[in-house]
Amino acid sequence: FLLEKDDLFARMTLDDAEYALYRQIYDSLDLQTPTPDLVIYLQAPVSVLLARIRRRGIAYERDIESDYLETLNRAYTEFFHYYDDAPLLVVNASEIDFANNDRHFAALLEQIGRMDGLRQYFNPNPTLL
């Protein structure tokens with residue numbers, strides 16, 4: 001969990017007055033959150049996200065619209081483009097399934113073990129895993 005990304009959802013879901021109140025409260029909290037050892041950003045196109053949502057079949061996710069996911073995807077891309085508070089592993093997760101494929105998950109763990117530096121990209125080829 002990365003507290004800093006909460007602002008993305010606040011900006012997307014609150015009107016201007018609500019967002020101003022959110023920022024006022026958030027800024028007054030003076031939170032001292034720990035810096036993560038590693039942040040993993042899983043990227044996938046909206047079409048893939050929607051297919052995964054449908055496959056999971058969770059009731060409260062059924063009404064998520066593609067426009068919302070597109071906006072959220074853009075917000076995440078921009079956020080992580082500038083993120084440098086901790087090491088970042090950007091993973092192209094469009095053709096791999098860490099949740100249901102042990103080989104894919106093992107490849108991710110191997111990549112995490114090789115993490116060196118502040119930013120790396122992992123673009124796994126699912127046919128080779």
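The values are calculated or read from the model by the stated rules, or taken from the named source; none is laboratory data. Small disclaimer: the values here were computed from a predicted structure and weren't measured. Ideal geometry is used to build each Cβ from the backbone, glycine not excepted, and the neighbour counts take in all protein chains shown. Surface accessibility is based on the protein's heavy atoms, side chains included, excluding ligands, DNA and RNA. Shrake-Rupley method; radii C 1.70, N 1.55, O 1.52, S 1.80 Å.
Quick one: with all protein chains in place, what share of the accessible area of region 1-101 is carbon or sulfur, to the nearest percent (1.4 Å probe)? So the carbon and sulfur contribution to the accessible surface is 51 percent. Note: the chain, Cα convex hull, 131 Å³ per residue.
Projecting label points 7 angstrom from Cα along Cα→Cβ for Y60 and A99 puts them 1.5 nm apart. The dipole here belongs to the chain: it is taken about the Cα centre, uses +1 on the Cβ of Lys and Arg and -1 on the Cβ of Asp and Glu, and is about 620 debye. Between the residues L29, A17, A51, the greatest Cα displacement towards the positive end of the dipole of region 1-51, with unit charges on the Cβ of Lys, Arg, Asp and Glu, is found for A51. Note on R23: accessible area approximately 70 square angstrom, rounded to 10, probe 1.4 Å, nucleic acids and ligands left out. Spacing of the modelled spin labels on L42 and T77, each 7 Å from Cα toward Cβ, amounts to 1.9 nm. Relative to one another, the C-alpha centroids of region 43-81 and region 1-25 are positioned 19 Å apart.
Among Y60, Y76, Y68, determine the one that fluctuates most according to a GNM of the chain built with springs between C-alpha atoms less than 10 Å apart. In the Gaussian network model the winner is Y60. Computed over the chain with a Gaussian network model linking Cα atoms closer than 10 Å, the most mobile of N73, N100, N92 is N100. Based on protein heavy atoms only, the chain ends up with 70 Å² per residue of surface accessible to a 1.4 Å probe. Each Lys and Arg Cβ is given +1 and each Asp and Glu Cβ -1; about its Cα centre, region 1-56 then shows a dipole of about 660 debye.
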